[in-house]
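The values are calculated or read from the model by the stated rules, or taken from the named source; none is laboratory data. Everything numeric in this text was worked out from a predicted model, so none of it was measured. Neighbour counts run over all protein chains shown; Cβ positions are idealised from the backbone, glycine included. These accessible areas exclude ligands, DNA and RNA; they are computed on the full protein's heavy atoms, side chains included. Shrake-Rupley method; radii C 1.70, N 1.55, O 1.52, S 1.80 Å.
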Amino acid sequence: MLHLHQKIQEYANYAVSKIIEDKAFDIIDYPPGDQFSDSEIKALKELKNDIHLKSGLTKLIADNSAAVLFDLFNILDGTVEPYSDDEEWSGLKLVNVEPEVNEIEFTAMLHDDFFSTYWDYKDP
């Protein structure tokens, strides 16, 4: 958990520093295929000289990241069910196991599937 708190702060600081350095316009990964408009780029460039806005934006990004993780942990803990119109939630269980040396079966990895499932969410 401490690692996640550290990463939330690091990513928030990184995003805001890239905005300040005018390098934020090539770091957006989500949503996939999305880009900044000219108006958005112009507005973001105006943040460069405002230390209070920089601080506030860092806090907002960190809070948003933490909220997503908190929601994920609620799903993993079984205290909420993920929203779905057409599927019944059967639960999820994470298990820490050592894979067998000769294990051939490939198991999908959550981090690999994350970006590729965006369009399933966006256009069901």
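So how many residues does the stretch 1-54 have that are over 30 Å from TRP119 (Cβ atoms), among the aliphatic types (A, V, I, L, M) and assigned to a loop (DSSP other than H, G, I, E, B)?
Number of matching residues: 1.
How many residues are loosely packed, with under 10 Cβ neighbours inside 10 Å and at pLDDT 75 or above if we restrict to the stretch 89-121?
Number satisfying all stated conditions: 3.
In this structure, does GLU10 turn out to be open to solvent by less than 100 Å² (accessible area, probe 1.4 Å), at pLDDT 80 or above and either under 15 Å from the mean Cα position of the chain (by Cα) or of a type in the set (Lys, Arg) (or both)?
Working: open to solvent by less than 100 Å² (accessible area, probe 1.4 Å): yes; at pLDDT 80 or above: yes; either under 15 Å from the mean Cα position of the chain (by Cα) or of a type in the set (Lys, Arg) (or both): yes.
Considered against the rule, which asks whether it is open to solvent by less than 100 Å² (accessible area, probe 1.4 Å), at pLDDT 80 or above and either under 15 Å from the mean Cα position of the chain (by Cα) or of a type in the set (Lys, Arg) (or both), GLU10 comes out as yes.
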